[in-house]
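Heads up, the thing below is written out as structure tokens.
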Amino acid sequence: MKTKEKIIIAGPCAAESREQVINCAKELKKRGIKIMRASLWKPRTKPGFEGVGIKGISWLAEITKIGITVATEILVPNQLIQLIKGIGKKGNLNKILPWIGSRNQNHIIQREIAQIVVDLMPKSTKLLIKNQAWSDERHWLGIVDHVLGSGISKKRIILCHRGFSPNGQNNPLNLRNIPDFEMAQRVKITAGIKMLIDPSHIGGTVPNVLKVMKMAIEHNFDGMMIEVHPTPLEAKSDAKQQLTFKELDKLLKI
Ligand code: PEP
Ligand code: MN
């Protein structure tokens, strides 16, 4: 995927330490990647590491000062309020990209998060939205409609396909989530909104992430969101699927 023509978002599943995220931001900068993912709050299937929370806001502020945009998941509206306040003068609010994840399926909360983007963030701020965990095209399009209820324009939204829960489906590659590339393309066209692919949460393991990327390249995605970590095996979440920077270079050549 050509970094210049597509939206590339790369970075760790979660922000874990200042050193980890700053190191990652510098590695991305070397490669001309302009957006880094790093979540402060993590939704988890079972209780465990739920992110560093507000402690990490100053790290993100520092990254925005390096000139990199930071994409970070917002679970509840108050987290976005805290992030906006915390970035304040220390960072550049123009370089924050909030996102609504797959497990956040309360439309009131989805719309409130979008409302904060409209009311309190710069006009250039975009909102990233991942599909819900189960396969349902109407629901996916419904999320877009609920969010548009905030008055946000379509141009400010970016969608991302992270696959659907396998739930007993035929799954020969043993993927973590099953992609539906055709549905993603239909949603992109029906909604009239850009669509990224997230091979990390579809693949679930490094070899699968590379395989999924090869499959996705045939489809008309506008970019990708990919997990990379300086030392993936030590990652506090999603350790099996995070690429090293060397593996990222291999993926960028696909
Ligand atoms: C993530 O991107 O780390 C994440 C939690 O993804 P999803 O919402 O797709 O499960
Ligand atoms: Mn993850």
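Values as computed for the structure displayed
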{"read-out": "Scope the range 223-247; condition within 16 Å of ligand 1 (Cβ to nearest atom) and either assigned to a strand (DSSP E or B) or of a type in the set (S, T, N, Q) (or both); matching residues", "value": "Gly223, Met224, Met225, Ile226, Glu227, Val228, Ser237, Gln241, Gln242, Leu243"}
{"read-out": "Hits in the range 98-121 - residues which are open to solvent by 60 Å² or more (accessible area, probe 1.4 Å) and touching a residue at least 60 places away in the same chain (Cβ under 8 Å)", "value": "Arg103"}
{"read-out": "Failed item, numbered, when Gly192 is tested on (1) within 16 Å of ligand 2 (Cβ to nearest atom); (2) out of contact with any Leu (no Cβ under 9 Å at 6 or more places or on another chain)", "value": "(1)"}
{"read-out": "Subset of the range 131-140 (residues that are under 20 Å from Met225 (Cα atoms) and more than 18 Å from the chain's Cα centre (by Cα))", "value": "Ser135"}
{"read-out": "Per-region count, the range 195-215, residues touching a strand residue (DSSP E or B) at 6+ places or on another chain (Cβ under 7 Å) and either within 15 Å of ligand 1 (Cβ to nearest atom) or of a type in the set (D, E, K, R) (or both)", "value": "7"}
{"read-out": "Residue in the range 4-11 that is within 15 Å of ligand 1 (Cβ to nearest atom) and among the acidic types (Asp, Glu) present", "value": "no"}
{"read-out": "Failed criterion for Asn104 (all others in (1) within 16 Å of ligand 2 (Cβ to nearest atom); (2) in contact with a Phe, Trp or Tyr (Cβ under 8 Å, 6 or more places away or on another chain) hold)", "value": "(2)"}
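The values are calculated or read from the model by the stated rules, or taken from the named source; none is laboratory data. What you see is a predicted model, and the numbers here were worked out from it, not measured in a lab. Quick reminder, even Gly has a Cβ in these numbers, built from the backbone with ideal geometry, and neighbours come from all protein chains shown. Protein only, heavy atoms only, side chains kept; ligands, DNA and RNA dropped before computing areas. Shrake-Rupley method; radii C 1.70, N 1.55, O 1.52, S 1.80 Å.
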